[in-house]
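Participant: Structure incoming, see below.
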Amino acid sequence: MKLRIYPLILAVAIVYAPLFSQSQLDTAAPASVQNFHITPVKPIDELRREALAAQPPKEEGKRQPDLVELVKLDPTIKLDIRYASTNNFMRAPFYTQARAFLQKPAAEAVVRANHQLKQYGYGLIIHDGYRPWYVTKMFWDGTPADKHDFVANPIPGSRHNRGCAVDLSLYDLKTGEEVKMPSGYDEMSERAYPDYKGGTPAETERRDLLRRIMESQGFTVETHEWWHFDYKDWDQYPVMNIPFEKL
């Protein structure tokens, strides 16, 4: 029996090993540490080269962009720009600068939300704002197809590309530390859904508080990501592909 069972187990392990290695999740990681990773379907350098050579969608009749830097409007907003480091779902830097920009009306709404949260003992910590189009293309092209619900399709462009989407969470005003939510940032699982019923009561309460405050300022939560909020006028702005260095 042993001679028959062991080869079978080995065969199953070999067949399913690629599935297990596509993504990795560490539920014990603190909120400030990326707890979910994927193995990109192409090397990062190849993804970047192809994305930089491509062209974003052309649009007409849009408003003139007016990007502003969030921390210049409110220095109490914290930044943890994961894509400027290796602390992200692909373990590779995509930005050369850790900065966050939004269209001015959206940025002012984030500032108001940050002020509202202080009465609850929290402040906002930003993971991403305006995102150049080529980075969206890198995410899409590098993410396995079964995870495409969690990344934007570059063909129409994303709301991040328009400067009207923000990825954020809460930090504790007493400790200065980012708080735990039902899932980690950029976790590609049902735990990331804004209506996910799991998680601890405290995690769920914080997630729902964040959503309530952001919605009161004209944002809508993304259906697969509790941390992603789109500003109400996003469709009035064009897709942009300007790197941070030129802003």
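The values are calculated or read from the model by the stated rules, or taken from the named source; none is laboratory data. What you see is a predicted model, and the numbers here were worked out from it, not measured in a lab. Here the Cβ is made from the backbone with ideal geometry for all residues, glycine too, and neighbour counts use every protein chain on show. The area values use the complete protein model at the heavy-atom level, side chains included, leaving out ligands, DNA and RNA. Shrake-Rupley method; radii C 1.70, N 1.55, O 1.52, S 1.80 Å.
Participant: For the chain, take the longest principal axis of its alpha carbons; what is the angle in degrees between that and the long axis of helix 201-216, to the nearest 10 within 0 to 90?
Facilitator: Its long axis makes an angle of about 40 degrees.
Participant: Still on this model: At a Cα cut-off below 17 Å, give the lysines reachable from K78, other chains included and same-chain residues fewer than 8 away excluded.
Facilitator: Cross-link targets: K118, K174, K180.
Participant: Next question. Going by the alpha-carbon gyration tensor, a ≥ b ≥ c the square roots of its eigenvalues, is the stretch 164-218 rounded (a/c under 1.5) or, if a/c is not under 1.5, prolate (a/b greater than b/c) versus oblate?
Facilitator: Rounded is the answer for the stretch 164-218, as its axis ratio a/c remains below 1.5.
Participant: Further question on the same structure: Once amide H atoms are placed 1.01 Å from N in the peptide plane, what residues at a sequence separation of 5 or more from Y185, or on another chain, have their amide H within under 5 Å of its amide H?
Facilitator: Amide H neighbours of Y185: N35.
Participant: Note down the nm distance, to one decimal, between modelled labels 7 Å out along Cα→Cβ at E190 and at Q55.
Facilitator: Modelled inter-label distance: 4.3 nm.
Participant: Need one word for the stretch 124-247: rounded, prolate or oblate. Basis is the Cα gyration tensor (sqrt eigenvalues a ≥ b ≥ c); a/c below 1.5 gives rounded, then a/b vs b/c decides. Walk me through the numbers on the way to the answer.
Facilitator: On the way: a/c = 1.83, a/b = 1.45, b/c = 1.26.
Judged from the Cα gyration tensor, the stretch 124-247 comes out prolate (a/c at least 1.5, a/b above b/c).
Participant: Ignoring ligands, DNA and RNA, please state the percent of accessible area on the stretch 93-247 from carbon and sulfur, probe 1.4 Å.
Facilitator: Looking at the stretch 93-247 in its full context, I get 49 percent from C and S.
Participant: With the crude spin-label approximation of a point 7 Å out along Cα→Cβ, what separation in nm comes out for Q97 versus D208?
Facilitator: 4.0
Participant: What is the spin-label model distance, in nm, from N87 to K42 if the labels are put 7 Å beyond Cα along the C-beta direction?
Facilitator: Going by the 7 Å Cα→Cβ label model, 2.9 nm.
Participant: Related question: Using θ = phi - 60° and the Karplus form 6.51 cos²θ - 1.76 cosθ + 1.60, what ³J(HN,Hα) does each residue of the stretch 166-172 get, whole Hz, x for Gly and Pro?
Facilitator: My calculation for the stretch 166-172 gives 9, 9, 8, 8, 10, 10, 7 Hz in order.
Participant: Let me ask something else. Using θ = phi - 60° and the Karplus curve 6.51 cos²θ - 1.76 cosθ + 1.60, what whole-Hz ³J(HN,Hα) does each residue of the stretch 105-116 get, with Gly and Pro shown as x?
Facilitator: x, 5, 5, 5, 5, 5, 4, 5, 4, 4, 5, 4
Participant: Counting only heavy atoms of protein chains, what accessible area per residue, in Å², does the stretch 118-247 have with a probe of 1.4 Å?
Facilitator: Per residue, the stretch 118-247 has an accessible area of 40 Å².
Participant: Rounded, prolate or oblate: which one fits the chain, using the alpha carbon gyration tensor with axes a ≥ b ≥ c (rounded when a/c is under 1.5, else prolate when a/b beats b/c, else oblate)?
Facilitator: The shape class here is oblate.
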